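**Student:** Once you've had a glance at the structure underneath, I'll fire off some questions.
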Amino acid sequence: MNDVGFALRGELRAERDSLIARFQHGGSVARLLKGLARAVDALLRRVVVASGITADVAVIAVGGYGRGELFPHSDVDILLVPRVELDADGRARIERLIGTLWDTGLHLGHSVRTLEECREEAKRDVTVLTAMLESRLIAGPQEIFDDFSRAIVSVLDAQAYFRAKTLEQQQRHTKYQETPYALEPNCKESPGGLRDLQVMLWVARAAGFGASWRQLAARGLLTAEEFRLLTRNERTLKEIRARLHLVAGRREDRLVFDVQGAVAEAMGIEAGGTHRASERLMQRYYWAAKVVTQLNTILLQNIEERLFPHGDEHLTLLDEVFVARNEKLDIVDDDALKRDPNAMLRAFLVLQQHPELKDMSPRLLRALWHGRFLIDAAFRRDAHNRATFIAILQQPRGIVHALRRMNQWSVLGRYLPPFRRIIGQMQHDLFHVYTVDQHILQVIRNLRRFTMAEFAHEFPLCSQLVADFERPWLLYIAALFHDVAKGRGGDHSELGARAAVAFCRAHGLPREDTALVVWLVEQHLAMSRVAQKQDIADPDVVRRFADQVQTERRLVALYLLTVADVRGTSPRVWNNWKAKLLEDLFHLTRRLLGGEAAPATAELERRKREALDILKLYGLSDSAHEPLWKQLDVVYFLRHSARDIAWHARTLVAHVESERAIVRARLAQTGEGAEVLIYVRDQKDLFARVCGYFDSRNLSILDAKIHTTRAGYALDTFLVSDNGRSRHYRDLLSRIERELAACVDQVAPLPAPVKGRLSRHSRHFPVTPTVHLQPDADGRHFLLNVTATDRIGLLYAMTRVLARHDINVHTAKINTLGERVEDVFLIDGAELSDPRGQLQIEQDLLEAVAP
């Protein structure tokens, strides 16, 4: 580093520290960003002038720096434009200049181009053109900068530029999942972020409409309120990004969980009620991003109308308020919604009823957005509006689009105050990846897909059930309210049910329909809990669930809502195993509710007959199964399907008295993972040893059934998954068979568990570990429920504790929801009969699962 660069680095750091200190003590973010840019301007001028190039080279600030703003860790982008092609001496001076600038500590981005090269590059690359549009002269000849500006204007085609930038925005939004409500949004690039604000100004400047919000307001493209809201929310987003840079100590535009709490603290946001400071920060961010998204849509559509005027307007009067204009729904004049506020809701219904219309016009969107405050208590009480809202849910098409539009334009939250409370509300439960409002709309979207023929292949049973379900729109109401009380404290199912009662009564739903909706909201978690945490092969479990459901209509409704709900939490949570559990519980319960109250032994005999039929297909004799089946009790046959019973018999027919472990593996019936059968003389710690093996191979156990025959053999089955890592399942199956047999035969002390690292998400939003022991109905066994944050080695750590206390595991339900585990074991053992023993087991388990 040369002495000049070192001295300037110190001066720049001192100036930068002073600006940041003023900002952190209450200064405005605008003053910080402009101050940082001015500090760099001054340094650049000193270095450039000292280099001796200013007579023949213009040094131009471009991009964000060209706007005269600089975030604490943003790059400084400059363009050097020589009067003529540089010779060797000129190139050497430029290299020395850049070297000195790097020595000052600037995060420098630079390019050297002649005027002609600038012109050609701007023609070729719209991103380069955009950076050059935002330019300022830092040092050098003014005439070169003027020629540069004229060159850029000469290649600018406002219409082509608009198309390119809006397409670019669409692609960017797709990359960021089309939502401003991501749990870890990019405050610059995500929909509703700073980039959306910049796009508006870029296309407006290119079209000659203005380069600032004030100029756009003067040209009539923004109203006074829109101008105020844009500037306010732009200030919010800029402050969040500046704080984010300072907290991270580097250029960081993602509001990841690691920094949300620190950014909230830096902004003076405190926890309140049931919400953390980070949640309140994110809700502030989401509200700002939502306004930006709304105004981005309005402004870009208005600019498009001016840039691409329609020659002959195609106009059709639909009613006294609405017209169809150029394939969009429009209003007859600017004051139409003020004269008839009820049309605020009717607009969405009319759009549903006219499939030939592609969207709403900019004028209608603006009128809806500005008129949202007309939706007050009196509006909500109006019978016409209540009828319109129900009609929107009853339409054969466009329901999800209508609700999403209503949410985007702040109509849904104004009409349903409970819904407004959860807009932008985060869910720190390690498996929801959407805010509450977006999750609810995702659930409705899933329910709607069941009704569409083009999606029948996804869930054929759901599509079949919903086709025969009267008034399916009741399911959409239940979905609207099932999580609407999240974050209030208390049981959100119970609180949501109260809100659903009020809605149904206010909207005149018959008593029967109201009862169904309210029951669904109250019980929306019941089916998932039973399927994933209890042994549905146990007839008593199914009978209790059937008693809770009572009717087939309720069962169908709850099944449809449950599938849609679980699928709407996160793509990582839903899998074929969960689908099979829910479907099996549905069929078993439906059989009971349908009046099939057969004798207690009927189900057992049915499974045996079906298993024997399968064995005949493989050419086994009528008596081949008998040596094995004589060693098995009723519980075994009730816990396994006929398909599994036949597989076990076929596999073990020649190995009933084997002295070595028999391990067989096959592809799971669900198509995901492997089913593993283990048959070996029972041994102490067997379950823990098997779990340790699967853990060492990074295989997740989804389900386990543990059985001991009358002859003292362990007949255990496991469903395991490698979470999609292996493409060659045949190799995986053969490896499991070979390695696990050797592991079981070679009895050795259990190795110590390894505490795997928690994920970044889990570290910031850990699950409080819980362990709960409860005797079952007959008191012979105990149900062990363990909830904890998932990590490598967790299940093995738990099973080692059980082995140490001589606890026998009969079944294991391993339920992983994102990064939260909710495992249920059916166990017995001598220590469980002693309260002190129970307490010790619980304490040891808590220690084992602690992060």
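The values are calculated or read from the model by the stated rules, or taken from the named source; none is laboratory data. Keep in mind that what you see is a predicted model, and the values were worked out from it rather than measured. Positions of Cβ are generated from backbone atoms using ideal geometry, with glycine treated the same way; all protein chains shown enter the neighbour counts. Calculation scope for accessible area: heavy atoms of the full protein, side chains included, ligands and nucleic acids excluded. Shrake-Rupley method; radii C 1.70, N 1.55, O 1.52, S 1.80 Å.
**Student:** Test of understanding: what is the full-extension gain from Val635 to Gln746, defined as 0.36 nm times their sequence separation minus their Cα-Cα distance? Intermediate values should be presented prior to the final figure.
**Tutor:** Values: separation 111, 0.36 × 111 = 39.96 nm, distance 2.94 nm.
That pair, Val635 and Gln746, stretches by 37.0 nm at full extension.
**Student:** Distance between Cα centroids, the stretch 775-828 to the stretch 643-699: provide it in whole Å.
**Tutor:** Using only Cα atoms, the two centres lie 19 Å from each other.
**Student:** Once you have the Cα-Cα distance between Ala271 and Glu95, take 0.36 nm times their residue separation minus that, and quote the gain in nm to one decimal.
**Tutor:** On the way: separation 176, 0.36 × 176 = 63.36 nm, distance 5.19 nm.
Length gained, Ala271 through Glu95: 58.2 nm.
**Student:** Excluding His772 itself, calculate the net charge of residues whose Cβ lies under 15 Å from the Cβ of His772, where each Lys or Arg counts +1 and each Asp or Glu counts -1. The partial results should precede the final answer.
**Tutor:** Numbers: positive: Arg529, Lys533, Lys813; negative: Asp776, Glu822, Asp823, Glu842, Asp844.
Here the count lands on -2.
**Student:** Work through the residues other than Ala485 whose Cβ is under 14 Å from its Cβ and net out their charges, Lys, Arg +1 and Asp, Glu -1. Show your work: numbers first, answer last.
**Tutor:** Values: positive: Arg420, Arg421, Lys486, Arg488, Arg498; negative: Asp437, Asp483, Asp491, Glu494, Glu522.
Once positives and negatives cancel, what remains is 0.
**Student:** Given the DSSP H assignment, sum -39500 (n - 2.57) over each helix run of at least 4 residues in the chain and divide by its residue total; what's the result at 222 nm in deg cm²/dmol, nearest 500? Intermediate results must be reported in sequence, preceding the final value.
**Tutor:** Working: 39 runs with 470 residues, N = 851.
My calculation for the chain gives -17000 deg cm²/dmol from helical runs alone.
**Student:** Distance check, please: which entries in Lys165/Lys290; Lys123/Lys188; Lys175/Lys338; Lys533/Lys684; Lys34/Lys165 exceed 32 angstrom between their Cα atoms? It would help to have the intermediate numbers written out before the result.
**Tutor:** On the way: Lys165/Lys290 20 Å; Lys123/Lys188 26 Å; Lys175/Lys338 38 Å; Lys533/Lys684 26 Å; Lys34/Lys165 26 Å.
Pairs exceeding 32 Å: Lys175/Lys338.
**Student:** Which value in nm describes the separation of the simple spin-label points at Asp56 and Ala830, placed 7 Å from the Cα toward the beta carbon?
**Tutor:** 9.7
**Student:** While we're looking at this one, here's another question. Hey, can you find the accessible area per residue of the chain for me, probe 1.4 Å, expressed in square angstrom?
**Tutor:** Details: 37520 Å² over 851 residues.
Using a 1.4 Å probe on heavy atoms only, each residue of the chain averages 44 Å².
**Student:** Using a/c under 1.5 as the rounded threshold, could you call the stretch 379-525 rounded, prolate or oblate? The axes a ≥ b ≥ c are square roots of the C-alpha gyration tensor eigenvalues, and prolate needs a/b larger than b/c, oblate otherwise. Display every interim value, and only then the final one.
**Tutor:** Values: a/c = 1.33, a/b = 1.11, b/c = 1.20.
It is rounded, given that a/c, with a ≥ b ≥ c, falls under 1.5.
**Student:** Which of the peptides 181-193, 740-752, 662-674 is most tightly packed, and how do the rest follow, judged by the mean count of other Cβ atoms within 10 Å per residue? All intermediate terms of the calculation are to be shown ahead of the outcome.
**Tutor:** Numbers: 181-193: 22.7, 740-752: 13.6, 662-674: 18.5.
Listed from highest to lowest mean packing, they are 181-193, 662-674, 740-752.
**Student:** Next up: His655 versus Arg31, label points 7 Å from Cα toward the beta carbon: distance in nm?
**Tutor:** Modelled inter-label distance: 7.8 nm.
**Student:** Another question, if that's okay. So between Asp468 and Asp682, what do we pick up on full extension, going 0.36 nm a residue minus the alpha carbon distance?
**Tutor:** Working: separation 214, 0.36 × 214 = 77.04 nm, distance 5.00 nm.
This chain segment gains 72.0 nm when fully extended.
**Student:** Something else: How much net charge surrounds Gly109 when only the other residues with a Cβ under 9 Å from the Cβ of Gly109 are counted, with Lys and Arg +1 and Asp and Glu -1?
**Tutor:** Details: positive: none; negative: Asp75, Asp77.
Once positives and negatives cancel, what remains is -2.
**Student:** Still on this structure: Using a Förster radius of 30 Å, what is the FRET efficiency between Glu847 and Asp258 based on their Cβ-Cβ separation? Nearest 0.05, please. Mind showing how you got there, number by number?
**Tutor:** Working: r = 27 Å, r/R0 = 0.90.
E(calc), rounded to 0.05, equals 0.65.
**Student:** At a 1.4 Å probe, what is the % contribution of carbon and sulfur to the accessible area of the chain?
**Tutor:** Values: 18660 of 37520 Å².
With neighbouring chains kept in place, the figure for the chain is 50 percent.
**Student:** What is the Cα centroid distance between the stretch 438-508 and the stretch 19-94, reported in whole angstrom?
**Tutor:** Using only Cα atoms to place each centre, the spacing works out to 56 Å.
**Student:** Still on this structure, please answer the following. Could I have the simple spin-label model distance between Glu305 and Trp102, label points 7 Å from Cα toward Cβ, reported in nm to one decimal?
**Tutor:** Computed distance between label sites Glu305 and Trp102 equals 5.2 nm.
**Student:** Counting other Cβ atoms within 10 Å, keep those with at most 14, restrict to DSSP loop, and tell me which trypsin sites (Lys or Arg not before Pro) in the stretch 792-837 are left. Working shown, then result.
**Tutor:** Values: sites: Arg800, Arg804, Lys813, Arg820, Arg836; in loops: none.
Passing sites in the stretch 792-837 do not exist.
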